[in-house]
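What follows is a short report on a single structure.
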Amino acid sequence: MRGALKWMTAALALAGIAGCASVQPRSGSLDGLRAQVDAQRAAPLAPPQAPDNRLSNVPWTQPQSRATTFAGIPKKPEPFYSNAQLRRNFLAIAMQAEATDYDNPSGNIPIAKWIAPIRYSVDGGTARDIRRLNALTGRIRGLTGIDMARAGGTAPNLRIHFVPFRLRNNAFYNLMERGYLGRATAGMMAMWRDTERAKCIGIISFDPPSGAITQANIYIKDELPPSVRNACITEEVVQSLGLMNDSPMARPSIFNDSQEYLDLTSHDELLLRILYDPRIRPGMGIGQVYPLVDGIIRELRPGVDPYRTARANP
C-alpha cells in the first residue's frame with residue numbers, strides 16, 4: 001500500500017470520519033483514547049526518523065523508450081490481464097477494505113460510491129501538487145463522468161490536507177473533535193501521526209443503508225519528496241472514490257503493495273469505469289454485483305479472451 005492507510009466508517013454522515021478497522025462505533029468506547037489524544041497534543045512529537053523513500057527510489061528519470069503518463073512519469077509496460085482477472089480484482093478492491101468500522105461477518109462491504117457532486121478543497125500543498133490534482137481529477141471525470149471540481153464558494157466534501165510535521169497532533173485531535181472515530185480507526189490515524197512509514201491516509205464516511213459516500217479526508221505528510229507526494233495524491237484520491245482495498249493479485253495496478261506501478265494503469269482505469277457504471281449501484285452486496293460485472297467488462301473489453309494467461313499471470 002506504499003505507506004498509505006485508508007478506512008471507512010459505518011456511521012451516518014454526521015457521525016464523523018472513520019476508517020478501515022472492523023469495529024462498529026459504540027458510545028463511550030473512546031474515552032481513554034480521547035484522554036491520550038489530549039495529553040499527546042500538548043507534548044512535543046519525537047523528531048521524525050530518516051524518511052523512508054522507497055517510492056522515490058524508483059528510477060523515475062532514467063532514459064527509457066516508454067510512453068509517459070499525464071504527469072510525465074515513466075510508464076512501465078503493462079502485462080496482459082484477462083477479463084476473469086479483472087473481475088476478481090474488482091470484487092477484491094471495491095467490495096473489501098483493508099480495515100473498516102463497518103461490521104460485516106462475511107468480510108465484504110457493500111458498494112460505496114459518490115452520488116453527489118464532489119467538491120474538493122486543498123489545505124497546504126505546492127503549486128505542483130495543485131497541478132497534479134487538477135490533472136488527476138480531469139482524468140477521473142473523463143473516465144467516469146463524476147462531477148468533480150474544486151470547491152470554490154461551496155462547502156467541500158472531499159478535503160485534501162498536506163500536513164507539516166509540527167501539525168500532525170492537531171490533525172488527529174481535530175478529527176476526534178469533529179466526529180466519532182472507531183477504536184481501530186483512531187489507532188490507524190495514530191499510526192500515520194507517529195510513524196514515518198505511513199505517509200498518507202484516506203478517511204471515508206459512507207451511509208450504510210444507501211452506500212453513498214458522504215465525505216472524505218486525505219492527509220499527506222508535507223515533508224514528502226515529489227515522487228511520494230504524487231503517488232499519495234493518486235492513490236488516495238482514487239481510493240476515496242470507493243476502491244478501498246489493496247490486493248497482491250492486482251496487476252498491473254496501484255492497488256498492490258509491490259509499488260511496481262505509481263500511476264493509474266489501464267487496469268485501474270477499468271476498475272473506476274466498472275464502479276461508476278450506472279448498473280453498479282451504491283449499497284449493492286456481492287450477490288447483486290457479481291452477475292453484473294462480467295457483462296460490463298465484456299462491453300469495456302470486447303474480444304478479450306476472459307481466461308487467457310490467467311495461470312501465467314495470476
Does Gly145 fit the bill of being out of contact with any strand residue (DSSP E or B) (no Cβ under 6 Å at 6 or more places or on another chain) and either at pLDDT 95 or above or on the phi > 0 side of the Ramachandran plot (or both)? yes
So for the range 263-278 (the condition being at pLDDT 95 or above and assigned to a strand (DSSP E or B)), does at least one residue qualify? no
Output for the range 155-194, where each listed residue is among the polar types (S, T, N, Q) and without any contact (Cβ under 8 Å) to a residue 12 or more places away in the chain: Asn174
Taking the range 259-309, which residues are of a type in the set (Ser, Thr, Tyr) and either free of Cβ contacts under 8 Å to residues at least 60 places away in the same chain or farther than 27 Å from Val228 by Cα (or both)? Tyr276, Tyr290, Tyr307, Thr309
Out of Ile111, Ile115, report the one residue that is buried (at least 18 other Cβ atoms within 10 Å of the Cβ) and over 18 Å from Ile218 (Cβ atoms). Ile111
Could you grab me the full set of residues in the range 121-147 that are touching a helix residue (DSSP H, G or I) at 6+ places or on another chain (Cβ under 7 Å) and more than 15 Å from Tyr276 (Cα to Cα)? Val122, Arg128, Asp129, Arg132, Leu133, Leu136
Taking the range 261-300 on its own, how many of its residues are under 19 Å from Val237 (Cα atoms), of a type outside the set (A, V, I, L, M, F, W, C) and surrounded by 14 or more Cβ atoms within 10 Å (Cβ to Cβ)? 10
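Based on what the data block shows, is Val237 surrounded by 22 or more Cβ atoms within 10 Å (Cβ to Cβ), at pLDDT 95 or above and within 25 Å of Asn170 (Cα to Cα)?
Spelling it out, Val237 is indeed surrounded by 22 or more Cβ atoms within 10 Å (Cβ to Cβ), at pLDDT 95 or above and within 25 Å of Asn170 (Cα to Cα).
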Which numbered condition Ala231 misses (of (1) crowded, with 24+ Cβ neighbours inside 10 Å; (2) within 23 Å of Ile286 (Cα to Cα)): (2)
By residue number, the members of the range 125-181 that are under 23 Å from Lys113 (Cα atoms) and in a loop (DSSP other than H, G, I, E, B) are Gly145, Ile146, Asp147, Ala151, Gly152, Thr154, Ala155, Pro156, Asn157, Gly179, Tyr180, Leu181
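Could you count how many residues in the range 226-253 are closer than 18 Å to Ala92 by Cα and in contact (Cβ under 8 Å) with a residue 40 or more places away in the chain? Talk me through it step by step, then tell me what you get.
Kept after step one, since they are closer than 18 Å to Ala92 by Cα, are these residues of the range 226-253: 235-236, 238-253.
Going one step further and asking which of them are in contact (Cβ under 8 Å) with a residue 40 or more places away in the chain, we end up with 235-236, 238-247, 249-253.
Residues in the range 226-253 being closer than 18 Å to Ala92 by Cα and in contact (Cβ under 8 Å) with a residue 40 or more places away in the chain: 17 in total.
Could you list, in sequence order, all residues of the range 240-260 that are closer than 18 Å to Phe206 by Cβ and either surrounded by 23 or more Cβ atoms within 10 Å (Cβ to Cβ) or of a type in the set (Lys, Arg) (or both)? Spell out how you get there, then give the answer.
Initial filter on the range 240-260 (closer than 18 Å to Phe206 by Cβ): 240-245.
Matches in the range 240-260: Ser240, Leu241, Gly242, Leu243, Met244.
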Within the range 190-220, restricting to residues that are in a loop (DSSP other than H, G, I, E, B), among the small types (Gly, Ala, Ser) and out of contact with any helix residue (DSSP H, G or I) (no Cβ under 8 Å at 6 or more places or on another chain), the one that is surrounded by the fewest Cβ atoms within 10 Å (Cβ to Cβ) is Ser210
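The values are calculated or read from the model by the stated rules, or taken from the named source; none is laboratory data. Since we're looking at a predicted model, the values are computed, not measured. Please note: Cβ atoms are built from the backbone with ideal geometry, for glycine as well, and neighbour counts cover all protein chains shown.
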